[in-house]
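Here it is, the structure in full.
The values are calculated or read from the model by the stated rules, or taken from the named source; none is laboratory data. Note that this is a predicted model, so its numbers are computed, not measured. Glycine gets a Cβ as well: all are built from the backbone with ideal geometry, and neighbour counts include every protein chain shown. What goes into the accessible areas is simple: the full protein's heavy atoms, side chains included, and nothing from ligands, DNA or RNA. Shrake-Rupley method; radii C 1.70, N 1.55, O 1.52, S 1.80 Å.
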Amino acid sequence: MRFALDRREATQGTVDAIAVGLPERAEKEDAFPRALAKEDLAFGKLLSAAWERREIRGKRKEVTVFHRPDGKGRLLVVGLGPRTLVDIETLRNAAAEVVRALKGRGARTLGFKLASFSNERIPAESAVRALVDGVELGGYEFLRYKSTHEGKIEEATIFLGEEAAREETPLRKALEQEETLLDTVLWTRDIANVPADTATPEWLAEHARGLAKEFGLKVTVFDEKKLAEMQCGGILGVGSGSGHPPRLIVLEYGGGARSGKTVAVVGKGITFDSGGISIKSAPGMAAMKYDKSGACAVLGIIRAAASLKVPPRVIGVMACAENLPGPNAYRPGDMLRTHTGKTIEVLNTDAEGRVVLSDALGYVVEKYHPDQVIDLATLTGACVVALGPDIAGLMSNDDALSQSLLDASHQTGEAIWRMPVTDTHREMVKSEIGDVRNSTEQREAGALTAAAFLENFVGNTAWAHLDIAGPAYNEGPLTKYVPSYFNRGATAFGVRLVTRYLMTTPR
Ligand code: BES
Ligand code: ZN
Ligand code: ZN
């Protein structure tokens, strides 16, 4: 998708379709909204007529299409819901709804009337970013395996109109930044959506190498031999049942600023999670191709960090393995010795994410002494039970880091909710014969015991764990409960969130 800014009014341009946002008004505000006067005139008073017969009310998800009487263009009025509730997230959803309404309907160019989307609470700059988000995210489709596809919007223009034209320079900068970011988010979705027949740990390593080459970053790929030398018994144990051997992938972005803050971003990269010997049941198992979403997010975060030149140095670590049963598979009862020297008693081979992360976290903390570690992992079904399909769990040993991530989450709309880790959970993951056990054999507080397990491998480092099992992907009926800009399949959740954090973090 190409984006453009235009100083004129939307009605003066020559796009195939113009989108205007309409907030819902109180019942007694009966008069036709003055904000739509220019469009009404250009469209032969069709809008005011529709208003009179109560066809358009501005309700959320209401999209109404008008055709210009001379045949030259369309206008979409998209409902924004109650005026006092319109926020940035509303705009993302509205832009996505517009793009979806136009899909396969012969429009190539689309224009937004900016003034109808920004208000006293939403500065024009935030509105521009939100429109870019909604258009890109809502319009996204995974096309790798489609031999045919419907035409879609190729160019979106944001019309500033008289008032916003004065702010053209900052708006242009916001637009360009958001375009760069969204290019990476869609790139990440394209990787995360590829199934495990192709997307093996080595295939992910290839992507990391390609990225490093493109942006001049340092990349290190540890294969199974090297991992054995490094005593990474966790990731090796999980990967041992698969013919596609595990990889620990490290990417380094040097930082845009001279000062030295280092943030490590660590991702769970299980290319397929069958559960292993503790095998999962068949229904829904196909979705476990998305169990690499954390590692894919890390790839995306590094790409975004490098292309936007965020201030801190960022170390990306992807812990990649395939969890299958097989003649060499790890089994319940096994004892694994991890990179830090701590041992894991395996009680359930399906709790493999925390096991691969034990080596990744232990390694990055030991080698780089980062100021902060953020991990992203589709770690537990329990987190989905607790928070539903669109909110990630946040577990952290650091209040300031948590608050910064919550602030970034407000900006990007990627919802997170902090949950506690206490001594109760720490006790629950202690092993009788080793240091920690990977499963408690009870379902209570499953997302929190998983976090308590991970905590053993970060030492005193400020650390935040994002359990993205819910929002990392969408399949089946869930698609209708999540934001309109969530697509089917991998969402690349976390890329915008963590990148925004990196862009704004004090050094
Ligand atoms: N990859 C799964 C978690 C998951 C579940 C992700 C649903 C996305 C959607 C993880 O490896 C897993 O199987 N966790 C187990 C842990 C249990 C065995 C302690 C779970 O959540 O049931
Ligand atoms: Zn599992
Ligand atoms: Zn898993």
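Do you know which residues across segment 274-288 are open to solvent by less than 50 Å² (accessible area, probe 1.4 Å) and either more than 8 Å from ligand 2 (Cβ to nearest atom) or of a type in the set (Gly, Ala, Ser) (or both)?
Across segment 274-288, the qualifying residues are SER274, GLY275, GLY276, SER278, MET285, ALA287.
Now a separate question. Just wondering, is there one or more residues in segment 73-88 that are modelled with pLDDT of 95 or more and on the phi > 0 side of the Ramachandran plot?
yes
Residues that are within 14 Å of ligand 2 (Cβ to nearest atom), at least 1 per element: which strands (runs of 3 or more DSSP E) completely within segment 310-378 meet that?
313-323, 372-377
List, please: which pairs have Cβ atoms under 6 Å, are six or more places apart or on different chains, and start with a residue in segment 348-374 that is more than 17 Å from GLY267 (Cβ to Cβ) and within 9 Å of ligand 1 (Cβ to nearest atom) and end with one that is open to solvent by 10 Å² or more (accessible area, probe 1.4 Å) and among the β-branched types (Val, Ile, Thr)?
THR349/ILE277
Something else about it: Name the residue that is most open to solvent (accessible area, probe 1.4 Å), counting only residues in segment 297-330 that are of a type in the set (A, V, I, L, M, F, W, C) and within 16 Å of ligand 3 (Cβ to nearest atom).
Filtering first and then ranking leaves LEU324.
Can you name every residue in segment 284-296 that is in a helix (DSSP H, G or I) and either over 16 Å from ARG247 (Cα atoms) or away from ligand 3 (no atom under 16 Å from the Cβ) (or both)?
MET285, ALA286, ALA287, MET288, LYS289, TYR290
Do we have any residue at all in segment 256-273 that's within 15 Å of ligand 2 (Cβ to nearest atom) and surrounded by fewer than 24 Cβ atoms within 10 Å (Cβ to Cβ)?
Yes.
Between TYR140, TYR145, which is under 15 Å from the mean Cα position of the chain (by Cα) and aromatic (Phe, Trp, Tyr)?
From the options TYR140, TYR145, the qualifying one is TYR140.
Would segment 244-262 turn up any residue that is in contact (Cβ under 8 Å) with a residue 40 or more places away in the chain, out of contact with any Pro (no Cβ under 9 Å at 6 or more places or on another chain) and within 16 Å of ligand 1 (Cβ to nearest atom)?
no
Within the bounds of segment 480-487, is there any residue that is open to solvent by less than 10 Å² (accessible area, probe 1.4 Å), touching a helix residue (DSSP H, G or I) at 6+ places or on another chain (Cβ under 6 Å) and under 20 Å from VAL298 (Cβ atoms)?
No.
Which one of the conditions (1) open to solvent by less than 10 Å² (accessible area, probe 1.4 Å); (2) without any contact (Cβ under 8 Å) to a residue 24 or more places away in the chain; (3) of a type in the set (S, T, N, Q) does THR198 fail to meet, given that it meets all the rest?
Here THR198 clears every test but (1).
Against the condition more than 20 Å from ARG496 (Cα to Cα) and hydrophobic (A, V, I, L, M, F, W, C), how does ALA192 come out, does it pass?
no
Looking for whichever is within 16 Å of ligand 1 (Cβ to nearest atom) and open to solvent by 40 Å² or more (accessible area, probe 1.4 Å) here; the options are GLY333, GLY393, GLY388. Which one fits?
GLY333
Report whether or not LYS342 is of a type outside the set (S, T, N, Q), away from ligand 1 (no atom under 13 Å from the Cβ) and without any contact (Cβ under 8 Å) to a residue 24 or more places away in the chain.
Judged against the criteria, LYS342 is not a match.
Only one of ALA445, ALA408 is over 24 Å from the mean Cα position of the chain (by Cα), of a type in the set (A, V, I, L, M) and at pLDDT 95 or above. Can you tell me which?
ALA445
Here's something else I'd like to know. Condition test on LEU324, is it away from ligand 1 (no atom under 16 Å from the Cβ), touching a residue at least 40 places away in the same chain (Cβ under 8 Å) and either of a type outside the set (Val, Ile, Thr) or touching a Phe, Trp or Tyr at 6+ places or on another chain (Cβ under 8 Å) (or both)?
Here the answer is no, as LEU324 does not meet what is asked.
Further, regarding this structure: Please determine, by comparing only the residues of segment 431-466 that are within 9 Å of ligand 1 (Cβ to nearest atom) and within 21 Å of ALA295 (Cβ to Cβ), which one is surrounded by the fewest Cβ atoms within 10 Å (Cβ to Cβ).
Selected residue: ALA447.
Do any helices (runs of 4 or more DSSP H) lying entirely in segment 1-113 carry at least 2 residues that are surrounded by fewer than 14 Cβ atoms within 10 Å (Cβ to Cβ), and which ones are they?
Helices (runs of 4 or more DSSP H) meeting the threshold: 37-42.
Please go through segment 339-350 and pick out each residue that is among the hydrophobic types (A, V, I, L, M, F, W, C) and surrounded by fewer than 24 Cβ atoms within 10 Å (Cβ to Cβ).
Passing the criteria: only LEU347.
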